[in-house]
Structures are given as structure tokens and as C-alpha cells.
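The values are calculated or read from the model by the stated rules, or taken from the named source; none is laboratory data. None of the values given here were measured: they were computed from a predicted structure. Backbone-built Cβ (ideal geometry, glycine too); neighbour counts: all protein chains shown.
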Ligand code: UDP
């Protein structure tokens, strides 16, 4: 890299305001800083508070990393004060206001860029902030997109967009996505909103996201190449080679305090949580959590809780119920659910220290909504999954887990329920389906053991990929070299 060394490069990271997007960007910042580049992460006050202790610890340890606070225009967009992250919306009916606020961020970010000296050598920007493309263009900064998805998903989405195959079949009839290394089937009702719009959709926004992502200089992916054999190369062909798989980013966490504080203030003390595990046999516990945004209806939560109870395994159930929580609490107390399951259930109301839990040897399986971060965190922990996709690209992740990687069993979810949509009868997943999937994943027979073996093997591969000489470690170096070349060209003009 003759000319510009990493310590003379400045990366600006701009995450989208939702836990599943900020969390991996904070990890990414640490990874980049460990490779010597200066990293600034732009956050609005709520996320600034959520992440400042983790980032400060990294800075104190000597990493060239810092936070830059910007204002979030909640009030101008008709949002309650302090409502700055998708998980804090009192109702998903306000999602349109949230996008208005995000659009208003453009002027605020431009003001900050005006003040920045030196100007960033590169901006890594979440694709869900499409307006930032304008700012990068204005300041002539190379923009790399981050979309928090896998190459598998990227390729499926691209091939659907180009082929439009989903438009030619009735919405409940399965079709095969063309041009993939494996025969992957979906129905239209399982697809992300771009192909399967919900009741209150924002098509224009989705189209803008798609367009600005395709115009970005390149894409960073939170995945590792060995996980997605075949899919990475195909996606690279579409993107002219500029795809850097640099994950799993959660493996950047190397101490228990960072694990315990990851993403938000946990609603359970880490010590209390670890104590609960004390008497549990290795691999005996199933951990159930549906991410930071999903809100199950009360009847659906009840099916989940009863399915877990019926499986007879010790379990941790994370309850993130939003407006349904009153009804769910009423059911829990009237049924005596907590008392009945006290010996073997830990109910976490609010935020769970997920990566800390997944790293405990007593955990044997993860019931997940297949958000990409959770999916990868399960892979890193070498755990098989019970897959319960709900919305977004989660049905696509489920296919990768169950069909391609063979490390999961689905609960049989058939229809996406987009954020903000009411319960759909056809999307109901009954307790016996949940029980059956949990039993299969936790099974000690031949099939269960083989699934576990595969998951553990992938976990080892994940860890190798981020070590010196591993594929993700190499990709970070290639990304930095690429940006260094651009910076040098710019200097010599
Ligand atoms: N998470 C957590 N505790 C919780 C819920 C979520 O630590 O109680 C973390 C989880 O480890 C993951 C992220 O939040 O890193 C959720 O991202 P994902 O892509 O899995 O799902 P999303 O929340 O975006 O639907």
C-alpha cells in the first residue's frame, strides 16, 4: 500500500437507528480500528448513550475510535422526544414519521461533514439511509454500503428483482428462485416488503434504498465466505467484485462486560443470569428470543411459551412485547405460568444479554426469528436453531439455515407479518409445532447429533475466518487497501 498507511485513513460509520443495525456497526468500528484506521461513528443521543461505554472502553484500550454525536429531528417529524431508534417507537404506525426524521438527518449530517477535518476517506453507511448518498456525492467521499444481510439474501433479492418470478405465480404457490446454486423455494407471502408489500407500505423508500445501494462504491457484509459458498462469488459478480465479507462481527467482542452490555442495558444482571445456568447440564437449555423489533400478539406469545414448556427442556424466554405486554402479563399471572415453570424457565422481560447467554455451555439450541445478527451469533456459538421467521428477510435466512447449512428446524411459519401489521390467522404457529421443532433440535438421536456437529463445525470456521490469515481478516485488509488507493488517487489529482 505504497503511500497511504491505515493510520492516515479516516472511516466514518453511519448506522441506521435500530439495534440490529447499530450493534454490528459498533463491532465493525472496533474491527477496523484494530487494523489501524481511524474510525468515527456518528450516533444520535439515544444510541450515543447506549454505546458510549463500550466505545470508550475500546478507545481507552488504545484503539483509534470515537463517537460523534448528531441531533435526531424527532419533533420536526412528529415523533415523541427521545424516540430515535426503531425499537423505541410507541407504535409501528409511526414508522413513516421515523423515515421523515431520517430524511431530515441529511442536512444535519452535511453540517457535520462541513466541519470535519480531515474529511473522511470513506463513509460506511447503512443502506437504509439512502439520502446519505447525496451527502457523500457532494463531499466526494467514497460510500460503501452496509445492509446487515448475507450474500445469500443479497443474491436472492437481486434475482427476484431481475426475474420478477414472484409476480407470475399466485401468492400461496411456491416457486424456485432462478439462478441460485441451490434449489430454493418461497411463496410470495414469505418475501420481504420490496416483493410482498404490507398493508402500510413505503414502496418509494424501498426502491430508493435498492437504487442507492446498487450505486455505492462497494458493499461490506457481516458474514464469512465459508458460510455462503457459491453465493459470495455470485454476488461479487453482480457488484463488480467490490464485496467484502468481514464477519462475523460479533466475534470482535472479547470480554464479558462488552458481551453483557451489548446493544442496550440488559434487564437481567449478568451474574444472576449466569447463576441460573449453574446447575444446568451442558447443551440442555433452549434460548428463545425474537430480536429487538418483533412484537408477538398475546395469543401468539402464549403459543410460544406453551410450546417451549411442553418440550420439557429448561428454557430462557425473552419477552419484548410492547403494547401487548399488559395482556401477556395478565395471562402469565392468571395461568400461573411463571410459578409452574419456575424450576426450568427464566423469563427475561426486556433486553437479554444475548451473546453472553449464547456463549454459555449449558445452551444447546436457539429459537430465533432469524434476524441476520441472531443467526450469525448462533453460528458463532456453534448452536443449531429452531427457526421462527417473522418479517423482512428472515424467511430467506431461514432457508440458508435449514436447507443450505442444515443446522436448523423450522416451526413452519408460512406468512410474513410485516412490522406494524396486526396478527394474521394464516401466520399462526401453534404450540405443538413449536414443541416438535424444539424437540428435534435438542434431540440426542442421530439426526440431532449430526445437526449439532454441523453447527459446531461452522462455529469453528467462523472463528478461523476472523483470525490472522482467515478470509474475513483478509477482506478487511483488502477493503482498507482499496480505500487507501482511492485516497492516494484523490491526493494526486
Ligand atoms: N439482542 C440482544 N438482546 C435482546 C434482543 C436482541 O442482545 O434481548 C441483540 C442480538 O444479539 C442481535 C440484535 O440485538 O445482535 C438483533 O438483531 P437481529 O438482526 O437478530 O434482529 P432484529 O432485532 O434486527 O430483528
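Numbers for the structure displayed
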| item | result |
| --- | --- |
| Qualifying residue in segment 230-238 (condition: out of contact with any helix residue (DSSP H, G or I) (no Cβ under 7 Å at 6 or more places or on another chain) and more than 30 Å from residue 142 (Cβ to Cβ)) | no |
| Selection status of residue 124, within 24 Å of the chain's Cα centre (by Cα), at pLDDT below 95 and buried (at least 19 other Cβ atoms within 10 Å of the Cβ) | no |
| Number of the condition not met by residue 374 [criteria: (1) within 15 Å of the ligand (Cβ to nearest atom); (2) part of a helix (DSSP H, G or I); (3) within 22 Å of residue 434 (Cα to Cα); (4) touching a helix residue (DSSP H, G or I) at 6+ places or on another chain (Cβ under 6 Å)] | (4) |
| Unmet requirement for residue 361, which otherwise passes all of (1) modelled with pLDDT under 95; (2) part of a loop (DSSP other than H, G, I, E, B); (3) more than 20 Å from the chain's Cα centre (by Cα) | (1) |
| Residue in segment 266-281 that is more than 14 Å from the ligand (Cβ to nearest atom), within 14 Å of residue 357 (Cα to Cα) and in contact with a strand residue (DSSP E or B) (Cβ under 8 Å, 6 or more places away or on another chain) present | yes |
| Sole residue being at pLDDT 95 or above, surrounded by fewer than 14 Cβ atoms within 10 Å (Cβ to Cβ) and under 30 Å from residue 189 (Cα atoms), chosen from 468, 432 | 432 |
| Qualifying residue in segment 340-353 (condition: more than 18 Å from residue 273 (Cα to Cα) and either away from the ligand (no atom under 13 Å from the Cβ) or outside any helix (DSSP H, G or I) (or both)) | yes |
| Lone qualifier among 258, 254 - being more than 10 Å from the ligand (Cβ to nearest atom), within 18 Å of residue 376 (Cα to Cα) and in contact (Cβ under 8 Å) with a residue 24 or more places away in the chain | 258 |
| Every residue from segment 437-453 that is in a helix (DSSP H, G or I) and either surrounded by 16 or more Cβ atoms within 10 Å (Cβ to Cβ) or in contact with a strand residue (DSSP E or B) (Cβ under 7 Å, 6 or more places away or on another chain) (or both) | 437, 438, 439, 440, 441, 442, 448, 451, 452 |
| Those residues of segment 411-426 which are within 19 Å of the chain's Cα centre (by Cα) and under 23 Å from residue 438 (Cα atoms), in sequence order | 416, 417 |
| Failed item, numbered, when residue 312 is tested on (1) assigned to a helix (DSSP H, G or I); (2) more than 16 Å from the ligand (Cβ to nearest atom); (3) modelled with pLDDT under 95; (4) out of contact with any helix residue (DSSP H, G or I) (no Cβ under 6 Å at 6 or more places or on another chain) | (1) |
| Members of segment 332-345 found to be surrounded by 16 or more Cβ atoms within 10 Å (Cβ to Cβ) and closer than 29 Å to residue 421 by Cα, listed by number | 332, 337 |
| Where residue 397 falls short, out of the listed (1) within 13 Å of the ligand (Cβ to nearest atom); (2) part of a loop (DSSP other than H, G, I, E, B); (3) under 30 Å from residue 187 (Cβ atoms) | (2) |
| Lone qualifier among 28, 42, 17 - being part of a strand (DSSP E or B) and either crowded, with 23+ Cβ neighbours inside 10 Å or away from the ligand (no atom under 12 Å from the Cβ) (or both) | 42 |
| Any hit, segment 358-370, residues being surrounded by fewer than 20 Cβ atoms within 10 Å (Cβ to Cβ), away from the ligand (no atom under 11 Å from the Cβ) and without any contact (Cβ under 8 Å) to a residue 40 or more places away in the chain | no |
| Pick from segment 282-296, criterion farther than 17 Å from residue 377 by Cβ and at pLDDT below 95, ranking: farthest from the ligand (Cβ to nearest atom) | 296 |
| Pick from segment 315-339, criterion in contact (Cβ under 8 Å) with a residue 24 or more places away in the chain and in a loop (DSSP other than H, G, I, E, B), ranking: farthest from the ligand (Cβ to nearest atom) | 321 |
| Options 386, 466; residue that is in contact (Cβ under 8 Å) with a residue 40 or more places away in the chain and within 18 Å of residue 294 (Cα to Cα) | 386 |
| Qualifying residue in segment 58-76 (condition: without any contact (Cβ under 8 Å) to a residue 24 or more places away in the chain and in a loop (DSSP other than H, G, I, E, B)) | yes |
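Residue-by-condition table, conditions (1) in contact with a helix residue (DSSP H, G or I) (Cβ under 8 Å, 6 or more places away or on another chain); (2) under 23 Å from residue 222 (Cα atoms); (3) touching a residue at least 40 places away in the same chain (Cβ under 8 Å):
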site	(1), (2), (3)
434	yes, no, yes
458	yes, yes, yes
471	yes, yes, yes
479	no, yes, yes
483	no, yes, yes
488	no, no, yes
493	no, no, no
